[in-house]
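Below: the structure, in structure tokens.
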Amino acid sequence: MSIKTATLNGVATIEIARPEKKNAITMAMYAAMGEALRAANAEASVRAVLITGQPGIFTSGNDLEDFMQRPAQGADSPVFEFMKALHGSEKPVVAAVTGPAIGIGTTMLLHCDLVYVSDEAKLAMPFTSLGLVPEFASSLILPSLLGHAKAAEKLLLGDPFGPQDAVDLGLANAVLPAGEVVGHARRIAERFNTLPPAAVRESKKLMRRAVSERVLETIAAEGGVFRERLSSPEAREAFSAFFQKRKPDFSQFS
Ligand code: COA
């Protein structure tokens with residue numbers, strides 16, 4: 001199993017653990033993560049969720065082999081179920097970004113409550129260079145946080161950005177030395193043990209309320225385009241190039 005879960009001292013930890021593939025997330029892993037989030041929300045003794053990766057890698061994003069072999073990603077697919085559980089989590093979700101966070105690795109941070117990044121982390125949403133489009137409301141949340149021009153650097157050009165940029169842009173709380181990020185995030189998550197849980201739950205709900213409907217609408221709109229793009233010739237070329245370890249050639253497309 002490439003997702004490890006454990007609950008300790010009121011914190012349910014979801015650890016992405018597939019280092020041999022840079023923590024690329026498969027359908028089975030999304031299913032396990034969604035299940036872990038739902039279980040954490042149902043368990044009264046859990047006060048917060050911690051999502052983390054492996055030393056040196058948070059996640060390289062969706063497994064590109066899965067994208068090639070199983071391109072259909074309907075609203076009932078494991079990735080949608082996971083993101084629905086994350087977006088809908090009543091309990092606070094803390095992320096410890098232990099290294100590069102690519103694609104959905106960065107997108108999922110937009111739905112966490114508190115985000116701590118390793119000084120070795122790199123964030124990127126290279127959707128266009130994969131022939132794809134933004135997902136899970138990043139096309140809404142990022143421009144509203146950063147403004148259109150800065151969001152275009154990340155979403156149209158796919159420019160990677162560093163941990164301090166993530167903090168400066170409001171996507172993360174703090175940068176920690178690589179060896180300290182998980183411990184720090186865990187200590188923050190454990191602080192919820194000393195707070196009244198219903199007050200935290202209601203506050204989180206209120207913080208999300210104003211944008212929640214637009215987020216869900218955007219996720220549905222993005223999902224339709226994303227699904228089409230997954231089987232597009234542009235995406236097939238990008239995925240093949242990745243596995244053939246060559247540069248993609250988009251010159252024949254209009
Ligand atoms: N899906 C499937 N396999 C992946 C993967 C992914 N998203 N990311 C990495 N891998 C695999 C590689 O194919 C390689 O497998 P191999 O050892 O069988 O050849 C292994 O993981 C190691 O990856 P590698 O690229 O050699 O590691 P690196 O340290 O040089 O680079 C990354 C790390 C994360 C920068 C790089 O792997 C990468 O860019 N991955 C793809 C990111 C991406 O486009 N994600 C999708 C976003 S929607």
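The values are calculated or read from the model by the stated rules, or taken from the named source; none is laboratory data. Fair warning: this is a prediction, and the values are worked out from it, not measured in the lab. No Cβ is skipped: glycine too gets one built from the backbone with ideal geometry, and neighbour counts run over all protein chains shown. Side chains are part of the model used for accessible areas, which takes the heavy atoms of the whole protein and leaves out ligands, DNA and RNA. Shrake-Rupley method; radii C 1.70, N 1.55, O 1.52, S 1.80 Å.
When the range 116-138 is examined, which residues are found to be part of a loop (DSSP other than H, G, I, E, B) and not aromatic (Phe, Trp, Tyr)? It would help to see each step written out before you state the result.
First pass over the range 116-138, keeping only residues part of a loop (DSSP other than H, G, I, E, B): 119-122, 125-127, 131-137.
Listed by number, the residues that qualify are 119, 120, 121, 122, 125, 126, 131, 132, 133, 134, 135, 137.
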Q) Can residue 202 be described as open to solvent by 50 Å² or more (accessible area, probe 1.4 Å), assigned to a helix (DSSP H, G or I) and at pLDDT 95 or above? A) yes
Q. Going through the range 113-139 one residue at a time, which ones are open to solvent by less than 10 Å² (accessible area, probe 1.4 Å) and more than 13 Å from the ligand (Cβ to nearest atom)?
A. 115, 117, 118, 137
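Against the condition part of a helix (DSSP H, G or I), at pLDDT 95 or above, surrounded by 13 or more Cβ atoms within 10 Å (Cβ to Cβ) and out of contact with any Gly (no Cβ under 7 Å at 6 or more places or on another chain), how does residue 166 come out, does it pass? Full working, then the answer.
Numbers: part of a helix (DSSP H, G or I): yes; at pLDDT 95 or above: yes; surrounded by 13 or more Cβ atoms within 10 Å (Cβ to Cβ): yes; out of contact with any Gly (no Cβ under 7 Å at 6 or more places or on another chain): yes.
Criteria met by residue 166.
Looking at 253, 226 in this structure, which one is open to solvent by less than 50 Å² (accessible area, probe 1.4 Å), of a type in the set (Phe, Trp, Tyr) and either over 30 Å from residue 6 (Cβ atoms) or touching a helix residue (DSSP H, G or I) at 6+ places or on another chain (Cβ under 6 Å) (or both)? Explain how you work it out, then say what you get.
On the way: 253 fails: open to solvent by less than 50 Å² (accessible area, probe 1.4 Å).
When all the criteria are applied, what remains is 226.
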Q: Go through the range 229-250 and give me each residue that's open to solvent by 60 Å² or more (accessible area, probe 1.4 Å) and away from the ligand (no atom under 13 Å from the Cβ).
A: 231, 233, 236, 249, 250
Q. If you check every pair at least six apart or on different chains, which have Cβ atoms under 6 Å apart with a residue in the range 126-153 that is in contact (Cβ under 8 Å) with a residue 24 or more places away in the chain first and a residue that is in a loop (DSSP other than H, G, I, E, B) and among the polar types (S, T, N, Q) second?
A. 131/232
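Filter the range 78-102 for residues that are within 16 Å of the ligand (Cβ to nearest atom) and closer than 21 Å to residue 214 by Cα; which is most open to solvent (accessible area, probe 1.4 Å)?
We begin by selecting, within the range 78-102, every residue within 16 Å of the ligand (Cβ to nearest atom); these are 78-80, 82-83, 97-102.
Narrowing further to those that are closer than 21 Å to residue 214 by Cα: 79-80, 82-83.
Working: 79: 5, 80: 33, 82: 0, 83: 7 Å².
Here the answer is 80.
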Q) Among the numbered criteria (1) more than 18 Å from residue 89 (Cα to Cα); (2) more than 16 Å from the ligand (Cβ to nearest atom); (3) touching a Lys or Arg at 6+ places or on another chain (Cβ under 8 Å), which single criterion is violated by residue 195? A) (1)
Q) Which of the residues spanning the range 1-46 are farther than 24 Å from residue 67 by Cβ and of a type in the set (Asp, Glu)? A) 43
Q | Pairs where the first residue, in the range 238-249, is farther than 19 Å from residue 158 by Cα and the second is within 11 Å of the ligand (Cβ to nearest atom) and open to solvent by 70 Å² or more (accessible area, probe 1.4 Å), C-beta under 8 Å, 6+ apart | A | 243/65
**Q.** Any hit, the range 4-26, residues being away from the ligand (no atom under 15 Å from the Cβ), in a helix (DSSP H, G or I) and at pLDDT 95 or above
**A.** no
Q: Determine which single condition residue 60 fails, assuming it passes every other condition in (1) modelled with pLDDT under 95; (2) open to solvent by 40 Å² or more (accessible area, probe 1.4 Å).
A: (1)
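Taking helices (runs of 4 or more DSSP H) that do not extend beyond the range 31-115, which have at least 3 residues that are out of contact with any Gly (no Cβ under 9 Å at 6 or more places or on another chain)?
Working: elements: 64-69, 78-87, 104-107.
Helices (runs of 4 or more DSSP H) meeting the threshold: 64-69.
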**Q.** Criterion violated by residue 215 - all others in (1) more than 15 Å from the ligand (Cβ to nearest atom); (2) free of Cβ contacts under 8 Å to residues at least 60 places away in the same chain satisfied
**A.** (2)
Q. Can you name the number of the only condition in (1) within 16 Å of the ligand (Cβ to nearest atom); (2) crowded, with 20+ Cβ neighbours inside 10 Å that residue 36 fails?
A. (1)
